[in-house]
1. So what's the net charge close to residue 45: Lys and Arg +1, Asp and Glu -1, counting the other residues with Cβ under 12 Å from its Cβ?
2. Rounded to two decimals, what is Rg over Rh for the chain when you use alpha-carbon atoms and the Kirkwood radius?
3. Kindly express, to the nearest 10 degrees and within the range 0 to 90, the angle between helix 36-54's C-alpha long axis and the longest C-alpha principal axis of the chain.
4. Compute the long axis of helix 15-28 from its Cα atoms, compare it with the longest principal axis of the Cα atoms of the chain, and write down the angle in degrees, 0 to 90, nearest 10.
5. Around residue 65, with a cut-off of 15 angstrom between Cβ atoms, what is the net charge of the other residues, counting Lys and Arg +1 and Asp and Glu -1?
6. Taking the Cα centre of the chain as the origin and placing charges on Cβ (Lys, Arg +1; Asp, Glu -1), which of 60, 16, 28 is farthest toward the positive end of the dipole?
Amino acid sequence: MSVADIKNAVAELPEQDRAELAAWLLDSLPAATFGEDDDDGLREAARRREELDSGRAAPLSAAEFWADVDRARAQWK
């Protein structure tokens with residue numbers, strides 16, 4: 001069975017079952033480790049925070065964030 005087959009099968013499950021499966025999958029991954037790549041992530045987070053603080057970027061409302069998530073999820077199928 002391919003990953004695409006699994007995705008298609010999982011997409012047909014009820015939302016609660018998909019959430020349970022997603023949690024199980026995340027728990028099955030090894031714990032995150034911190035290394036050199038994390039420095040890039042911290043620099044990016046600091047840059048974005050500075051953009052918000054300076055007003056060059058506007059924060060999203062929760063509704064806007066979840067709408068963006070829904071649009072992205074619709075493209076996964």
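1. Numbers: positive: 43, 47, 48, 49; negative: 38, 39, 40, 44, 50, 51.
That works out to -2.
2. Numbers: Rg = 17.4 Å, Rh = 16.1 Å.
A ratio of 1.08.
3. 60
4. That helix lies at roughly 70 degrees to the long axis.
5. On the way: positive: 48, 71, 73; negative: 64, 68, 70.
Local net charge: 0.
6. Going by the charge dipole, the pick is 60.
Where a number appears in this text, it was derived from the coordinates with a stated rule and is not lab data. A quick note: this is a predicted structure, and the numbers were derived from the prediction, not measured. Reconstructed Cβ throughout: ideal geometry from the backbone, glycine too, with neighbour counts over all protein chains shown.
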